[in-house]
Structures are given as C-alpha cells and as structure tokens.
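Bear in mind these aren't lab numbers, they're just calculated from the coordinates by the rules spelled out. None of these values were measured; they are calculated from a predicted model. Don't worry about glycine lacking a Cβ; one is built from the backbone with ideal geometry, like all the others, and counts go over all protein chains shown.
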Amino acid sequence: GENSASYNNDTAEITAESEYMSEWRRDGPLGVLLGIVNYIKTLQQYALFADFQRLAYRELLADAPPNKRKILEPVKPVITRWNSFYSCFERAVQLQLAINAYASYYIKRIRDEDTYAESRRNKLPHALHWMRSDGLTTHDWAVVTEYIDALKPLKAATKRLKRRGNSGRFSCIAEVILVFEYILNYYESRVLAYEAVEYNAYNEAPEDHLAINMRAA
C-alpha cells in the first residue's frame, strides 16, 4: 500500500533526476564546452582556433605582457584522469574570448544553413549538438569556474600522490588513506552547504547540478 507508493515515488524521482542530469551534461555549460573543445582536433581546426585567439588578443591593452598573447591549444580531458578536467576547464577560462568567438562562428554558420534548408523544405544539415545551441553565456562561464573550484582538491591530491611516485617510492597506504579522507570530507562539507537551498523557491536560486554531481562522486 503506502510503502509501495512511496517506493514508486522514490524510483520515479531518481529516474527523473537521472534523466535531468544526463540532459544537463549534454546541453548544459560543461557539455557545450567539452563539445567545442573536442571538436578542435584537425590541423585546420587548430589553425582556425589560433586565428580567433589572435582576434581576441586585439582587445588587450598594447602593453599587455607577451605571455598574455601566447597562442595556446585547448586541453582535452581524459575521462579516466580526474585532473585532466580541471586542466581543461582552467585553460578554457583562459581562452574564453577565443572559445566564444570560435563557437559563434559555427553556430551562425549552422543557423544560416538551417534557414536555407528550411526555405527549400530540405532536411536540416548534420551538425553537432552544440552548434545548434546558444553557445556559452556569462552565466555558463561562471558555472565552469564553480567546477574548477570543486575539482581543486582532486587536482592537489593527484599531484601529491604523483610526486610520491616520482621520487622512486610507492605512496604508502597511510598517506593514500589520508588523502582520500581529506577529499571525502571536503565534498561531504560542500554537499551539506547545499542541503538547505530551495532550488525551486525563486528564479535567482542556484541550480542543483553541482550538488547532484558531488553526491554522485
């Protein structure tokens, strides 16, 4: 009776949350950003992205230091390496203007091609999902920055354990346990900070994707 209904409601809620997060990871700021970064993989794409960096650097002050004008490549994340996503997001923020311009170039091109196809009642041309998005807004970049902050402990832990390995010694079990306890306590405290938030209370309430992803971790 009541227990069965409660179980069904819980299952439906978990399913809905899972579907929401799958959609968010594809269409949200991180999904769009990763789609853009991973699209840059040929010599032609790297050259085009470099051109957009040069255009972005024109907005810098004339006396900006040379390191601020250096042509950089985006960092590709590796799904099995925690710190690679930190490095990917950190480099992306550094190249924010160029990434926005690069994405806008393809978004506008696909929009024009779609308009033409629709006027001829033709099938829409193939395009990656992010090319039919609105790109990355200021709010989206703020979300990316949030995740950089959330990933910092993993970056630091990986660096610490790697340094132990590079010294010719295996990281002792005690140190590994201490590092993971620190990470666990950090994320548990971050999740607790979100528990009192009413995500649907008003329009300006924060989104719940970060808390959900932290619990999933």
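Round to the nearest 0.05 the FRET efficiency obtained for LEU161 and ARG26 when R0 = 35 Å and r is the Cβ-Cβ distance.
On the way: r = 32 Å, r/R0 = 0.91.
For LEU161 and ARG26, the calculated efficiency is 0.65.
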| remark: Surrounding charge for ALA64, neighbours by C-beta under 14 angstrom, Lys/Arg +1, Asp/Glu -1, total +3
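Mind giving me the FRET efficiency for HIS126 and LEU60? R0 is 35 Å, r the Cβ-Cβ distance, nearest 0.05 is fine.
Numbers: r = 37 Å, r/R0 = 1.05.
Once rounded, the FRET efficiency stands at 0.45.
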| message | Could you tell me the calculated FRET efficiency between ILE177 and ILE79, based on Cβ-Cβ distance and R0 = 35 angstrom, to the nearest 0.05? | response | 0.90
| Sorted by average packing, counted as other Cβ atoms within 10 angstrom per residue and highest first, what order do 36-49, 80-93, 119-132 take? | 80-93, 36-49, 119-132
| query | With each label point set 7 Å from Cα along the Cα-Cβ vector, what nm distance links GLU19 and LEU48? | reply | 3.5
